[in-house]
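Undergrad: The following block contains the structure, expressed as structure tokens.
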Amino acid sequence: MAECGGSGSGSSGDSLDKSITLPPDEIFRNLENAKRFAIDIGGSLTKLAYYSTVQHKVARVRSFDHSDKDTEQDHEPPYEISVQEEVTARLHFVKFENTYIEACLDFIKDHLVNTETKVIQATGGGAYKFKDLIEEKLQLKVDKEDVMTCLIKGCNFVLKNIPHEAFVYQKGSNPEFRFQTNHPSVFPYLLVSIGSGVSIVKVETEDRFEWIGGSSIGGGTFWGLGALLTKTKKFDELLHLASRGQHTNVDMLVQDIYGGAHQTLGLSGNLIASSFGKSATADTGTGLSPALALGGAWRPPGRLPSVLLLPPRVLQGGHGQEPAAHDQQRHRAARLPVRQAPLLGPGVLRRLFHPRPPRHHAHHHLQHQLLLQDPNQYSWEENYAGSSGLMSSSPELCPTQRPRSGTFDLLEMDRLERPLVNLPLLLDPSSYVPDTVDLTDDALARKYWLTCFEEALDGVVKRAVASQPGSVDAAERAEKFRQKYWNKLQTLRHQPFAYGTLTVRSLLDTREHCLNEFNFPDPYSKVKQKDNGVALKCFQRVIHSLDALGWEERQLALVKGLLAGNVFDWGAKAVSDVLESDPQFGFEEAKRKLQERPWLVDSYSKWLQRLKGPPHKCALIFADNSGVDVILGVFPFVRELLSRGTEVILACNSGPALNDVTYSESLIVAERIAAMDPVIRSALREGRLLLMQTGSSSPCLDLSRLDKGLAVLVRERGADLVVIEGMGRAVHTNYHAALRCESLKLAVIKNSWLAERLGGRLFSVIFKYEVPAE
Amino acid sequence: MGAGRLGAPMERHWGVAATSASSVREPAPGGPDGRRREPLRRRANSASAPAVGASASAEGVRRDRPGSYSGATSASRQRVESLRKKRPLFPWFGLDIGGTLVKLVYFEPKDITAEEEEEEVESLKSIRKYLTSNVAYGSTGIRDVHLELKDLTLCGRKGNLHFIRFPTHDMPAFIQMGRDKNFSSLHTVFCATGGGAYKFEQDFLTIGDLQLCKLDELDCLIKGILYIDSVGFNGRSQCYYFENPADSEKCQKLPFDLRNPYPLLLVNIGSGVSILAVYSKDNYKRVTGTSLGGGTFFGLCCLLTGCTTFEEALEMASRGDSTKVDKLVRDIYGGDYERFGLPGWAVASSFGNMMSKEKREAVSKEDLARATLITITNNIGSIARMCALNENINQVVFVGNFLRINTIAMRLLAYALDYWSKGQLKALFSEHEGYFGAVGALLELLKIP
């Protein structure tokens, strides 16, 4: 078996590069807590995965002990905040060239302290070749796994947990990468794995898959032929060379055969009629090298569509094998998880090809190896802070010009506490797309939002430092955060698709991830605490004035209260400026800022009409901000619903994001309100008002990834009204979301650019009441 | 991205010829009445109802293909007479201008009466004499003498059909010859197919004063193959297959009776490859194709070995060992990859060993030529197998000039198809492998009044 992994870089003539200095902060993060390892060694690239734990600070809120009533002075906060250490699970994936394997293994050995594992799961052709090296270096027993099984399970895992993993590549369109939104059910799909050779696998369920074909013409052919035909011997350099070549100097095109007349045939003259067909007559001087590499580089895309024209029906009847077999060593050749491939026509299938790796393509093997022992009982989330984007190692960049660390591709995924599922009330889960605007598509909006986030960065940094007055290194960490997020924004300016479809949500989430990364778990905790305290004090006054109104005026006042409360949003720059400069800015002022009716989107009359009818059975409300918003806006509204006989599920974020109210804060707030208000009190006691967590830590809302407990409850209680509040949840996301029940989406547009785009002005009001068609 | 148009799908690449001309090959040993396998179990093609409109690419109303009128009795004399009036003036050519090779078929009438000879214009006579008395034309034109079909009756005329080829890059010289020999004075119609019929149309007109009648190459291909099969090969079978293709001792080339041709998967391997599913003489569709064809084999061989002719490339390939170049399943798994039923000898990655410097240094040019041949052939076989499976067709006919004097490729195709289909598919070949398009063009001419 010594020659099995013969494709490794070692045998391509490069000695192992031991001199590399690894930047540990960036590459093998969190290694000291690594619990389990898996490795996939392909012909040219090694993919290492480890399951580790991360310790970060979390801000916890806790009610004061109320036994001593005297502590409730006016200046006292309503609850206390403590920063605690929390341990969460994280998957780390690192991809690097085989050249560095020894250096990397040494590095791992030196930093490995806590692991209790005795084995390392290994797959890929190189697992044989480097077995001894790994065992010697790491003192772990190499346990080999079947490579295809690993690939498929890993692919399933990624497709399920990273919504924007698969994409369609359309040459010439803008953007060229169009991400598909993956939904929980990804099956069936066709997996075309292009390693040294090519395998085509039909994946029908988690455990059922079938090898239906393949080809021996794959990445190894490109590399092998490229090395023979050019002076370039390394894979990456061949790709780079190919990107500069002109294949038409080598390939015989339809127009070479048909002259200019191909149009009359309905053919594109650019189609390749015969690959390398011109080489027999062409001058084969050295000048042709790049072109030759290109000819080679393009063999996979040039050749595969021929095969791929077939799958829809091969899938029905196909079995058996190919004269051309395959191996599964992974290269950076094109590969793509294709959702629902059998449903796509050949034309679509062909467009799915692109010459470079999709996101995370090389990591798929590994997920499964780790998961062999860690079944799919959790949901996972990509950590944008710790992951390198799609094109981090673009072949256009000459390898020698790249920074060393650029040859390492990273992916990190955080384990979420509980599984995430679809909201059962989605009208059509398979077509649900949370985000309203695709910024990869909309260049104008993209430019605006990237600038907007850049401009807001100073404020966020300042806020982060201020949130940890006792910390000596807060400023330093905040600076690192600034750098990290700034770099992400710059990456996104140049490669909008680097982390999947670019949206306002992904920009917000990335910022949260980066803040967490530098131990700023909740920069707004103190602000929220203060706001909640202030608002609680106003609660009874607000309730009194509401109760004094007649029924019809009260309904409008409640809605206005909801909207005015929503003005208190530290996530909106226009507002945070106001709040920063005028801390006394109050609920009444906010109401005055609101647009007068008719609102920008105004279905209030329809809503009022509805309220005159029978009460809803159960309302699901997604709350937005802490303070005035939730206490003076949402709770009075909840109270009115409860009084009508409607049960209420109030869903808040599981983790902090901006000044959004978290689940644990909502518990305290509710408790405090219950102490003042009999309606809330009895509803809580009788289980007619339920506080739940969404499973999310985002300022936006993805209704296809909600906490399972919430989803179960929604079904049990037969929720027939969904209220979504705030710009992040009702405008940036879910504005077009179609539900099976009545819904209310309301928000105040606190961004003049967006307001203008929607045809309104700053503080325009969205009040969208929708009833599904019968 | 400097990729240019590389993203273009390879949906339709017209297969064209792949060879360069050289020595005339020996007449093929037509296996006499060797053991003949029963035709494979055939699915009732009527039952599978080939898609209507599948032949949408074929333009116009299809006419009956011209039969052989040999043995016309006096009863049919009238019919022959009427044909005589409709048949075109000599010379009768069919031209197929591919990406690499031009294929020319020429009908030489042998029943010329003295009276007729008297009337025959000088230029016509000179063409006939020039083509039939030579076996090579210029430095690159070749007449495949061994393929000549003797005593053929076409449109009531008896004569021999000649098969001539020359490289496409000599097309200007050919057109010039037409001008020098004053073809245009003959008022003949030149029926031409292949991409070159379009590419060179203007040159024919301006230089040679000749109007080309352009024909669809796939239409011509099908017509040609059906016709040639029906007339046989001078009393022998046109179609053949290999028995024991993997065993060089026991391997036998045996005639195959293509009496029931439909449905048929037709794989035309020229510079590129086209795969057609043929359900009847005028119902066919192009299933797919690949740009990895004969042109790729020859082009790559030129680059990798410095060879200059197709024959040389094949000769080198015959002496090489592809397993030094290709990475096999057993190179990766140490043996068979049982989980997916892949035998250890199967190629996992073509040229996969060439990633390694040591192995690059250890291979010969012959090994590289062999690997190129195996790669291209396996790939075509693999696509053909999937097409056959998909189209529910179990006889596969491979034609095109890639197969000329290319026994290695033919035997590999035969073996691979049989092995991977577990005996369900049969690879068939035809003696006039590269000339069917040109024959089809000639047949079209004969229907032109």
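Undergrad: Go through the stretch A:657-688 and give me each residue that's outside any helix (DSSP H, G or I) and under 25 Å from A:ALA59 (Cβ atoms).
TA: Passing the criteria: A:ALA657, A:LEU658, A:ASN659, A:ASP660, A:VAL661, A:THR662.
Undergrad: A further question follows. Where in the stretch A:104-165 are there helices (runs of 4 or more DSSP H), lying wholly inside it, with at least 2 residues that are touching a residue at least 24 places away in the same chain (Cβ under 8 Å) and buried (at least 23 other Cβ atoms within 10 Å of the Cβ)?
TA: Here the list reads A:126-129, A:147-161.
Undergrad: Quick one: how many residues across the stretch B:337-366 are more than 7 Å from chain A (Cβ to nearest Cβ) and crowded, with 24+ Cβ neighbours inside 10 Å?
TA: Counting residues in the stretch B:337-366 that are more than 7 Å from chain A (Cβ to nearest Cβ) and crowded, with 24+ Cβ neighbours inside 10 Å gives 1.
Undergrad: Can I ask one more? Among the residues of the stretch B:309-335, what is the count of those that are part of a helix (DSSP H, G or I), in contact with a strand residue (DSSP E or B) (Cβ under 9 Å, 6 or more places away or on another chain) and either in contact (Cβ under 8 Å) with a residue 60 or more places away in the chain or farther than 14 Å from B:LEU373 by Cα (or both)?
TA: Residues that pass the stated criteria total 5.
Undergrad: Need pairs with beta-carbon distance below 9 Å; first residue on the phi > 0 side of the Ramachandran plot and within the stretch B:350-365, second of a type in the set (Phe, Trp, Tyr); sequence gap 6+ or separate chains.
TA: Hits for this filter: B:PHE351/A:PHE222; B:PHE351/A:TRP223.
Undergrad: A further question follows. Within the stretch A:642-650, identify whether any single residue is among the basic types (Lys, Arg) and surrounded by fewer than 19 Cβ atoms within 10 Å (Cβ to Cβ), and answer yes or no.
TA: For the stretch A:642-650, residues among the basic types (Lys, Arg) and surrounded by fewer than 19 Cβ atoms within 10 Å (Cβ to Cβ): present.
Undergrad: Tally the residues that are at the interface with chain B (Cβ under 8 Å from one of its Cβ atoms), surrounded by fewer than 24 Cβ atoms within 10 Å (Cβ to Cβ), in a helix (DSSP H, G or I) and not hydroxyl-bearing (Ser, Thr, Tyr), restricting the search to the stretch A:230-256.
TA: Counting residues in the stretch A:230-256 that are at the interface with chain B (Cβ under 8 Å from one of its Cβ atoms), surrounded by fewer than 24 Cβ atoms within 10 Å (Cβ to Cβ), in a helix (DSSP H, G or I) and not hydroxyl-bearing (Ser, Thr, Tyr) gives 2.
Undergrad: Among the residues of the stretch A:617-656, which ones are among the small types (Gly, Ala, Ser) and in a helix (DSSP H, G or I)?
TA: A:GLY633, A:SER643
Undergrad: Sticking with this structure for a sec: If A:ALA747 meets every condition in (1) in contact with a Cys (Cβ under 8 Å, 6 or more places away or on another chain); (2) of a type in the set (A, V, I, L, M, F, W, C); (3) within 20 Å of A:VAL634 (Cβ to Cβ); (4) at pLDDT below 95 apart from one, which number is that one?
TA: Among (1) in contact with a Cys (Cβ under 8 Å, 6 or more places away or on another chain); (2) of a type in the set (A, V, I, L, M, F, W, C); (3) within 20 Å of A:VAL634 (Cβ to Cβ); (4) at pLDDT below 95, the lone unmet condition for A:ALA747 is (1).
Undergrad: Which numbered condition in (1) free of Cβ contacts under 8 Å to residues at least 60 places away in the same chain; (2) part of a helix (DSSP H, G or I) is the only one that A:PRO614 fails?
TA: (2)
Undergrad: Another question, if that's okay. Within the stretch B:363-378, count every residue that is part of a helix (DSSP H, G or I) and of a type in the set (Gly, Ala, Ser).
TA: So the answer is 2.
Undergrad: Okay, moving on. Going through the stretch A:527-575 one residue at a time, which ones are of a type in the set (Phe, Trp, Tyr) and in contact (Cβ under 8 Å) with a residue 40 or more places away in the chain?
TA: A:PHE539, A:PHE568, A:TRP570
Undergrad: Now, a different point. Could you grab the pairs with beta carbons closer than 7 Å, sequence gap of 6+ or different chains, first residue in the stretch A:711-736 and of a type in the set (Asp, Glu), second one surrounded by fewer than 24 Cβ atoms within 10 Å (Cβ to Cβ) and at pLDDT 95 or above?
TA: A:ASP720/A:HIS616; A:ASP720/A:LYS617; A:ASP720/A:CYS618; A:ASP720/A:CYS741; A:ASP720/A:GLU742
Undergrad: Now for a different question. Name every residue in the stretch A:163-211 that is modelled with pLDDT of 80 or more and within 15 Å of A:PHE497 (Cβ to Cβ), in order of residue number.
TA: Within the stretch A:163-211, none qualify.
Undergrad: Take the stretch B:322-336 and flag every residue that is more than 7 Å from chain A (Cβ to nearest Cβ) and under 17 Å from A:ALA127 (Cβ atoms).
TA: B:ARG330, B:TYR333, B:GLY335
Yes/no per residue for (1) more than 30 Å from B:ARG286 (Cα to Cα); (2) at pLDDT 90 or above:
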residue: B:ARG35; (1), (2): yes, no
residue: B:GLU38; (1), (2): no, no
residue: B:GLY67; (1), (2): no, no
residue: B:ALA75; (1), (2): yes, no
residue: B:LYS85; (1), (2): yes, no
residue: B:PHE107; (1), (2): no, yes
residue: B:SER123; (1), (2): yes, no
residue: B:ASP144; (1), (2): no, yes
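Undergrad: If you go through the stretch A:142-177, how many residues are within 14 Å of chain B (Cβ to nearest Cβ) and of a type in the set (Gly, Ala, Ser)?
TA: The number of residues fulfilling the criteria is 2.
Undergrad: For the stretch A:201-229, name all the residues that are more than 7 Å from chain B (Cβ to nearest Cβ) and assigned to a helix (DSSP H, G or I).
TA: Hits for the stretch A:201-229 are A:GLY219, A:PHE222, A:GLY226.
Undergrad: Taking the options A:ALA675, A:ALA651, name whichever one is more than 27 Å from A:GLU756 (Cβ to Cβ) and in contact with a helix residue (DSSP H, G or I) (Cβ under 7 Å, 6 or more places away or on another chain).
TA: Numbers: A:ALA675 fails: in contact with a helix residue (DSSP H, G or I) (Cβ under 7 Å, 6 or more places away or on another chain).
After applying the criteria, what remains is A:ALA651.
Undergrad: Another question about this same structure. Do we find that B:PHE402 is within 30 Å of A:ALA227 (Cα to Cα), among the aromatic types (Phe, Trp, Tyr) and within 19 Å of the chain's Cα centre (by Cα) in this structure?
TA: Details: within 30 Å of A:ALA227 (Cα to Cα): yes; among the aromatic types (Phe, Trp, Tyr): yes; within 19 Å of the chain's Cα centre (by Cα): yes.
Yes.
The values are calculated or read from the model by the stated rules, or taken from the named source; none is laboratory data. Here the structure is a predicted model, which means the values were calculated and not measured. Cβ sites come from the backbone with ideal geometry, for glycine too, and all protein chains shown count toward neighbours.
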